[in-house]
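The values are calculated or read from the model by the stated rules, or taken from the named source; none is laboratory data. Owing to the predicted nature of the structure, the values given are computational and were not obtained by experimental measurement. Neighbour counts run over all protein chains shown; Cβ positions are idealised from the backbone, glycine included.
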């Protein structure tokens with residue numbers, strides 16, 4: 001399952017669980033019970049609930065931060081392809097418009113004027129990865145394309161009146177169609 | 001109605017407004033309601049434009065976007081500061097003049113913002129992210145950008161005055177801010193159960209948002225200098241850090257000010273005590289630190305940031321959810337569970353606010369994960385989650401207080417029976433259309449949308465229309481109530 005769908009499913013499940021708890025509590029709210037007993041039970045549940053959330057948080061943090069999802073910005077590049085990207089109001093310049101699939105690529109992304117967002121959309125029109133393009137800095141984005149086809153670059157940081165039109169394309173060749 | 005839910009318990013005498021207090025409180029609430037409705041209409045205009053249901057030129061769209069963002073953030077701050085003031089004045093002696101000065105400065109600032117946007121053509125978004133305001137490509141002047149920033153400075157000075165007065169009054173009553181936060185009870189000792197939750201929350205907000213506003217003021221002054229002396233160049237990454245520290249802090253402070261209404265009002269409607277506890281004190285002390293250092297989660301796509309700060313952004317985002325889920329929302333649910341709760345507008349809105357906050361935080365925390373942020377950053381996922389906890393969380397906190405003040409304690413009127421579910425339905429359609437669009441990578445802040453995104457925009461527009469209809473009914477009801485003769489519990493102070 002693509003990551004966007006996993007995120008969506010996880011979110012709907014989380015919101016669904018919160019909703020069910022609220023509905024249950026609201027249904028029960030009209031039936032009075034001894035306050036001291038309710039508070040005592042609630043404190044016990046809260047202890048376990050807190051512990052469960054901490055364990056969940058630690059587990060998810062470990063799983064999502066190791067390996068670290070952002071390339072080391074200072075180390076020499078292991079990438080087989082390097083693409084220099086420059087953003088300006090309101091266009092993108094890429095040093096090459098053809099990228100090989102299956103070979104790691106490093107995008108060196110910067111801006112000549114304001115902040116831009118360098119987002120790569122796949123052939124299915126979903127974002128595959130992104131970084132910011134910032135004046136005075138170069139962000140190194142590492143990615144390995146697996147699927148050939150037309151990829152679209154869109155600006156995801158508001159940059160003025162033609163922000164929505166700041167689009168370009170490149171092609172990924174080779175690999176499995 | 002049981003004894004604890006009598007009118008006296010619902011409207012204690014020390015909460016009654018004097019004549020002057022009522023005037024200022026009404027200024028805050030009525031202005032906030034009017035601006036909320038206007039800003040919602042601007043929001044609807046944007047969603048209709050994205051839906052291809054309304055023709056709006058891109059330059060106008062981005063002006064509207066700028067006004068909507070600044071207007072909503074500022075007004076939620078204004079409205080929730082009224083919530084904090086309303087309850088805090090029972091425990092410490094606040095200056096009404098300073099509270100009024102905050103309002104006046106806010107209004108002057110708002111006029112400056114509106115003039116900058118709709119006369120000067122400024123459309124640099126509410127975040128005024130450097131160096132965009134200085135790079136308008138001919139669409140606005142340096143003076144328009146400067147006027148916008150001046151407006152922010154006026155609003156910031158007003159809030160800062162208010163927070164300084166809050167801290168002065170708290171120190172006068174509790175000797176120092178640490179004691180007001182209850183730090184002396186964190187590890188041991190018998191907690192004074194009468195120590196007000198409002199004082200703890202207000203102290204935390206006053207400390208943190210003063211720091212946030214100062215960070216914002218530094219950026220604004222730096223940018224103002226840069227507008228007129230461009231040779232004084234700024235470091236874009238440093239400015240971005242300060243801007244998001246300010247923006248994140250300001251909006252979080254609004255939530256923390258608003259939640260005071262839940263702490264104060266919920267036990268009155270449930271009839272069950274809602275005392276202070278050690279976990280409560282820990283959660284506010286921890287939140288005080290976390291809210292100041294969590295902002296790097298806005299900068300996860302700035303890879304040149306020190307990576308330890310991005311790790312901190314992710315981990316603190318997770319940790320920041322703990323106080324919400326294990327203390328405030330859990331405590332509120334435990335307070336109403338089998339309490340014999342009496343349902344009316346204030347109590348319904350209070351429970352809705354807890355739901356909106358808890359549910360809205362789910363997509364927010366998930367987006368605070370770096371690998372998720374790579375796919376969701378600056379898509380409509382972001383307005384999806386912040387509208388969730390602002391529209392269905394914080395705004396209901398404010399509305400609950402307003403309905404409480406106008407004495408809406410009786411079972412719902414027929415108009416409430418329609419408007420309340422309409423508000424929830426419209427709100428849910430509205431926020432889920434954003435989240436669903438974010439799920440398919442629809443960018444945020446686009447004046448023109450691709451055909452595959454339009455269906456989500458159209459659902460969003462329908463949700464917004466339903467929500468605005470409900471909000472209009474609420475606003476009308478509250479304004480009429482506020483302008484009527486003072487309600488419950490006011491008679492002793494009616495002539496102030």
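Just give me the residues in region A:13-70 being outside any helix (DSSP H, G or I) and at the interface with chain B (Cβ under 7 Å from one of its Cβ atoms), in sequence order. Step through it out loud before you land on a result.
Step one: of region A:13-70, the residues outside any helix (DSSP H, G or I) are A:30-34, A:66-70.
Those that are outside any helix (DSSP H, G or I) and at the interface with chain B (Cβ under 7 Å from one of its Cβ atoms): A:30, A:31, A:32, A:33, A:68, A:69, A:70.
Within region B:257-272, can you find the residues that are within 17 Å of the chain's Cα centre (by Cα) and surrounded by fewer than 24 Cβ atoms within 10 Å (Cβ to Cβ)? Spell out the reasoning first.
Let us first name the residues in region B:257-272 that are within 17 Å of the chain's Cα centre (by Cα), namely B:257-263.
Scanning region B:257-272 gives a single hit, B:263.
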Look at residue B:253 and say whether it is modelled with pLDDT under 95 and either surrounded by 21 or more Cβ atoms within 10 Å (Cβ to Cβ) or within 25 Å of residue B:149 (Cα to Cα) (or both). no
For region B:184-194, check the following and say yes or no: at least one residue is modelled with pLDDT of 95 or more and under 27 Å from the mean Cα position of the chain (by Cα). no
Of the residues that sit in region B:416-443 and are within 8 Å of chain A (Cβ to nearest Cβ) and crowded, with 21+ Cβ neighbours inside 10 Å, which one is nearest to residue B:379 (Cα to Cα)? B:443
What number goes with the only condition from (1) crowded, with 22+ Cβ neighbours inside 10 Å; (2) farther than 26 Å from residue B:90 by Cα that residue B:165 does not pass? (2)
Name the single residue, out of those in region A:1-12 being modelled with pLDDT under 95 and more than 7 Å from chain B (Cβ to nearest Cβ), that is surrounded by the fewest Cβ atoms within 10 Å (Cβ to Cβ). A:1
Out of curiosity, is residue A:35 surrounded by 14 or more Cβ atoms within 10 Å (Cβ to Cβ), out of contact with any strand residue (DSSP E or B) (no Cβ under 9 Å at 6 or more places or on another chain) and modelled with pLDDT under 90? yes
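Please pick out the residue among B:122, B:91 that is more than 22 Å from the chain's Cα centre (by Cα), within 25 Å of residue B:245 (Cα to Cα) and outside any helix (DSSP H, G or I).
Values: B:91 fails: within 25 Å of residue B:245 (Cα to Cα).
So the residue among B:122, B:91 that is more than 22 Å from the chain's Cα centre (by Cα), within 25 Å of residue B:245 (Cα to Cα) and outside any helix (DSSP H, G or I) is B:122.
Just checking, how many residues over region B:326-362 are at the interface with chain A (Cβ under 7 Å from one of its Cβ atoms) and more than 18 Å from the chain's Cα centre (by Cα)? Walk me through how you get there before you give the answer.
Step one: of region B:326-362, the residues at the interface with chain A (Cβ under 7 Å from one of its Cβ atoms) are B:326, B:330, B:333-334, B:336-341, B:351, B:355, B:358-359, B:362.
Next, from what is left, pick out any that are more than 18 Å from the chain's Cα centre (by Cα): B:326, B:330, B:333-334, B:336-341.
The total comes to 10.
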Among the listed residues B:453, B:381, identify the single one that is surrounded by fewer than 24 Cβ atoms within 10 Å (Cβ to Cβ) and touching a residue at least 40 places away in the same chain (Cβ under 8 Å). B:453
